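Single-structure report; data block below.
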Amino acid sequence: FRMQSEVPDVLDLRGEPEHILKLYGIGGGKDQFARQCLLARRMAEAGVRFIEIASGVQWDHHNRLREQLAANCAATDQPIAALLTDLKTRGMLKDTLVVWAGEFGRTPYAQAGDGRDHNHKGYSIWMAGGGVKGGLRYGATDEIGYKAALNPMHIHDWHATMLHLLGLDHTKLTYNYGGRNFRLTNVSGEVATGILA
């Protein structure tokens, strides 16, 4: 009941100052993602511990890459930058882990002349705040962007690192299944201490 009674106030953006709405890019139409970013900040302020937002645009660029990628970036860059700026200004970024990820990487070569295919060998995720060093690039792909070459991180390592940043030891989250001990990071995963602040 408490959650239901508080949600209308959290979702009501009418009390936000004009400069905040402008910062996020709200008010010019096609601002769904901008509204989600501002609502994420408001939910974090209200004590919501896990918030997931989605851009709502198609990122699976098998064709029309130049046109579609530019439009997607235009719809997401300002709002996500505003969220980070807003959290930092309010002193919340140091305690809030922001993660930007998609489903997989893309090939460095063209597919059908104007697209990119799926690539599980080279993939970028960025994180900000919540105990992550700022301004750091942890890994890199090879010279053509095809596969991870510097500090490759397995998905289990990334999960172990995220859990660590959330204050959880992934090695203690173990359960027995089929006679084997498993955890959220399967049976592996190392915390990437190089990205920790």
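So, for the stretch 1-89, what is the accessible surface per residue at a probe of 1.4 Å, expressed in square angstrom?
68
Given the rule -39500 (n - 2.57) for each run of at least 4 DSSP H residues, summed and divided by the residues of the chain, what is its mean residue ellipticity at 222 nm, to the nearest 500 deg cm²/dmol?
After summing the helix terms and dividing by residue count, I get -11000 deg cm²/dmol.
Would you please state which residues of the stretch 19-58 a label at Asp9 would reach in this model, taking the label point 7 Å out along Cα→Cβ and a backbone N cut-off of under 11 Å?
The answer is 46, whose backbone nitrogens lie closer than 11 Å to the label point.
Accessible area, 1.4 Å probe, largest first: how do Glu103, Glu45 sort?
Output order, biggest surface exposure first: Glu103, Glu45.
Would you list His159, His154, His19 from the most to the least accessible area, probe 1.4 Å?
Order by accessible area, largest first: His19, His154, His159.
Where the convex hull is taken over the Cα atoms of the stretch 155-197, what is its projected area averaged over directions, in nm²?
Seen from a random direction, the Cα hull of the stretch 155-197 projects 2.9 nm² on average.
Say the dipole of the stretch 1-112 comes from +1 at the beta carbon of Lys and Arg and -1 at that of Asp and Glu; which of Leu13, Thr85, Gln36 then lies farthest toward its positive end?
It is Thr85, whose Cα lies furthest towards the positive end.
If you compute Cα extents along the principal axes in Å for the structure shown, which of (i) 42, 36, 36; (ii) 50, 48, 33; (iii) 59, 41, 33 do you land on?
Here Cα extents along the principal axes in Å agrees with entry (ii).
Whole number please: convex hull volume per residue of the Cα set in the stretch 5-107, in Å³?
120
Counting only Cα, what are the radius of gyration and maximum Cα-Cα distance Dmax of the stretch 105-178, in Å?
My reading of the Cα-based Rg and Dmax gives 16.0, 49 Å.
For labels at His19 and Ile51 in the simple 7 Å Cα→Cβ model, what's the distance in nm?
Calculated label separation equals 2.0 nm.
So, for the stretch 95-197, what is the accessible surface per residue at a probe of 1.4 Å, expressed in square angstrom?
Ligands and nucleic acids excluded, the figure is 64 Å² per residue.
Excluding same-chain pairs closer than 8 in sequence, count the lysine pairs in the chain whose Cα atoms lie under 30 Å apart.
13
Run the accessible area of the stretch 95-197 with a 1.4 Å probe and give the carbon-and-sulfur part as a rounded percent.
Taking all protein chains in place, the stretch 95-197 shows 53 percent carbon and sulfur surface.
The values are calculated or read from the model by the stated rules, or taken from the named source; none is laboratory data. Everything quoted here is computed from the prediction, not taken from an experiment. Reconstructed Cβ throughout: ideal geometry from the backbone, glycine too, with neighbour counts over all protein chains shown. What goes into the accessible areas is simple: the full protein's heavy atoms, side chains included, and nothing from ligands, DNA or RNA. Shrake-Rupley method; radii C 1.70, N 1.55, O 1.52, S 1.80 Å.
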